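The values are calculated or read from the model by the stated rules, or taken from the named source; none is laboratory data. The structure displayed is predicted, hence computed values, not measured ones. Methodologically, a virtual Cβ is constructed for each residue, glycine included, from the backbone with ideal geometry; neighbour enumeration extends over all protein chains shown.
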Ligand SMILES: Nc1ncnc2c1ncn2[C@@H]1O[C@H](COP(=O)(O)OP(=O)(O)OP(=O)(O)O)[C@@H](O)[C@H]1O
Ligand SMILES: [Mg+2]
């Protein structure tokens, strides 16, 4: 029997103020895959990520996380907040702007959700957090506060924090866009390592080299439509649509 996909999106649509910003999107992300999401500003990339973990409620469509439907219970009713929080915790999110908790140290940032949401014992959460900080090369800053870190360091802590909940998928929304150019590489290196370790990731990015080297699939959104979905070699060398051809030309 084939393995249940990490994320399955069927016919997802979402409007804001009567304008459809996602239109009938379907996408399957298998376990261990990296999917890069490209598209120009306003094409719906962030909204797509936010619908996957139900931070935005879709108007139509069905989303499964590791085989479990998010947002709607077995009776077809909207999930209560507790159930929604539980399934949302099976996804991790990494934002452009890091969103670390400023009043907590690096170590506490990574321990917080396992302790508060999963009710994990503190010593266990600490051991996991220390191992994850080592994975992202931030163990030497465990007791530092976020304001003392560079953007690249903050983002690596944010990645460790997302990993701490053992998510089925990590959603990255332009994780390197707010960084100084010389800090981009260290974050992409961490992400490449995660991919080699078999983490499932959906990455909204403008880093074409990364998308080409690391992705299993590249998808392109245009005005809320998923107009192209290909393996990276094909996407970058022989795209199907004129629109993608143009986009690649402009970003070369
Ligand atoms: N909460 C909201 N309320 C109203 N409109 C919204 C909301 N969130 C997004 N939109 C609109 O939906 C469209 C898609 O936005 P989205 O942020 O998903 O695009 P994006 O591809 O992530 O763009 P960018 O590359 O600039 O981040 C845009 O027109 C945006 O203005
Ligand atoms: Mg966005």
Review point. Name the residues in region 35-55 that are at negative phi and within 12 Å of ligand 2 (Cβ to nearest atom), would you?
Key: 37, 38, 40, 41, 43, 45, 46, 47, 48, 49, 50
Study note, to complete from the structure: residue 161 passes all but one of the listed conditions (1) closer than 23 Å to residue 113 by Cα; (2) in contact with a strand residue (DSSP E or B) (Cβ under 7 Å, 6 or more places away or on another chain); (3) buried (at least 22 other Cβ atoms within 10 Å of the Cβ); the exception is number (2)
Review point. Could you list, in sequence order, the residues of region 1-11 that are modelled with pLDDT of 95 or more and over 17 Å from the mean Cα position of the chain (by Cα)?
Key: 4, 10, 11
Check your understanding: Of all residues in region 3-53, which are part of a loop (DSSP other than H, G, I, E, B), closer than 25 Å to residue 83 by Cα and either in contact with a strand residue (DSSP E or B) (Cβ under 6 Å, 6 or more places away or on another chain) or within 14 Å of ligand 1 (Cβ to nearest atom) (or both)?
Key -> 5, 6, 53
Exercise for review: Might you check whether a residue that is within 16 Å of ligand 1 (Cβ to nearest atom) and closer than 30 Å to residue 251 by Cβ occurs anywhere in region 82-94?
Suggested key: yes
Revision key, fill the gap. Reported set for region 202-224 where residues are surrounded by fewer than 17 Cβ atoms within 10 Å (Cβ to Cβ) and in contact (Cβ under 8 Å) with a residue 24 or more places away in the chain is 206, 212, 216, 223
Study note, to complete from the structure: Within region 81-124, the residues that are farther than 26 Å from residue 202 by Cβ and at pLDDT 95 or above are 102, 103, 104, 105, 107, 108, 115, 121, 122, 123, 124
Exercise for review: Test residue 245 against the stated conditions and say whether it is within 23 Å of residue 5 (Cα to Cα) and at pLDDT 95 or above.
Suggested key: no
Check your understanding: Just wondering, is there one or more residues in region 107-115 that are buried (at least 17 other Cβ atoms within 10 Å of the Cβ) and within 16 Å of ligand 1 (Cβ to nearest atom)?
Key -> no
